[in-house]
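The values are calculated or read from the model by the stated rules, or taken from the named source; none is laboratory data. All figures in this text were calculated on a predicted structure; none of them were measured in a lab. Cβ placement follows ideal geometry from the backbone for every residue including glycine, while neighbour counts extend to all protein chains displayed. For the accessible areas, the whole protein counts, side chains as well, though only heavy atoms, and no ligand, DNA or RNA atoms are used. Shrake-Rupley method; radii C 1.70, N 1.55, O 1.52, S 1.80 Å.
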Amino acid sequence: MSARGSVDGLESSAPLAAMLPAVFADDDLAQRFVAGLDEVLAPILNTLDCLDSYFDPALTPADFARWLGTWIGAETDGTEPDPRLRAIVAATARLHRIRGTRQGLAETVRLAFGTTPEITESGGAAWSARPLGPFPRPARPALHVALRLPDPTPADTHRLDALVAAARPAHMPYTVEVTAAERTSER
């Protein structure tokens with residue numbers, strides 16, 4: 001995050017000179033002194049006046065959006081374009097509620113890559129009148145996430161692996177696959 005600093009020409013929303021006792025109203029030294037303080041405090045007061053905007057991913061400065069994402073555990077890698085970063089940060093709280101589910105995993109991958117993955121899992125449920133009845137699917141849990149991208153790179157596979165590791169059910173072994181999407185000729 002870049003540091004917020006002084007802004008040339010920014011006036012204070014609460015000038016200190018107006019708050020001085022009347023005895024200092026004509027004191028040139030006191031007026032210049034508080035004017036210097038106003039210049040230093042103006043960006044701070046401006047930030048405080050707009051504080052709610054800093055916590056809205058759509059309105060906050062881009063560098064603060066990335067920092068805000070680290071506060072809430074957004075799954076970013078630092079290469080997302082600004083609109084995608086803001087969408088990920090905005091969706092993170094909701095994604096935490098559905099983390100470990102198929103829906104949560106699909107949405108996490110879709111936000112990061114802009115395309116919906118194909119998810120194959122071994123989960124299942126059944127009812128049996130006998131204890132230890134047969135399990136409806138293979139006994140060993142498995143999860144496979146396939147993603148089709150226009151121009152996949154090894155970095156995409158690494159990124160998908162990291163996302164799945166973070167968003168999958170904790171007990172599930174998994175595999176990932178990134179392949180090239182079929183190109184269609186547009187005429």
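Points worth noting:
- Each of Phe33, Gly133, Ala90 was scored by the projection of its Cα onto the charge dipole of the chain, and the greatest displacement toward the positive side belongs to Gly133; charges sit on the C-beta of Lys, Arg, Asp and Glu.
- Heavy-atom surface of the chain, accessible at 1.4 Å and reported per residue (Å²): 66 Å²
- Two-decimal Rg/Rh across the chain, once Rg and the Kirkwood Rh are taken from alpha-carbon atoms: 1.27
- The chain - percent of accessible surface contributed by carbon and sulfur, probe 1.4 Å: 58 percent
- 16 Å cut-off, amide nitrogen to a point 7 angstrom out along Ser13 Cα→Cβ, residues in region 30-56: 38-56
- When only Cα pairs below 8 angstrom with a gap of at least 6 residues are kept, region 71-182 shows a relative contact order of 26 percent.
- Accessible area of Leu111 in the full protein assembly, 1.4 Å probe (Å², nearest 10): 20 Å²
- Sorting 82-90, 41-49 by average packing, meaning the other beta carbons within 10 Å per residue, from highest down gives 82-90, 41-49.
- Three semi-axes describe the equivalent ellipsoid of region 1-99; taken as square roots of 5 times the Cα gyration tensor eigenvalues and ordered largest first, they are 41, 13, 9 Å.
- With the simple model of a label 7 Å out from the Cα in the direction of the Cβ, Met172 to Ala91 spans 1.7 nm.
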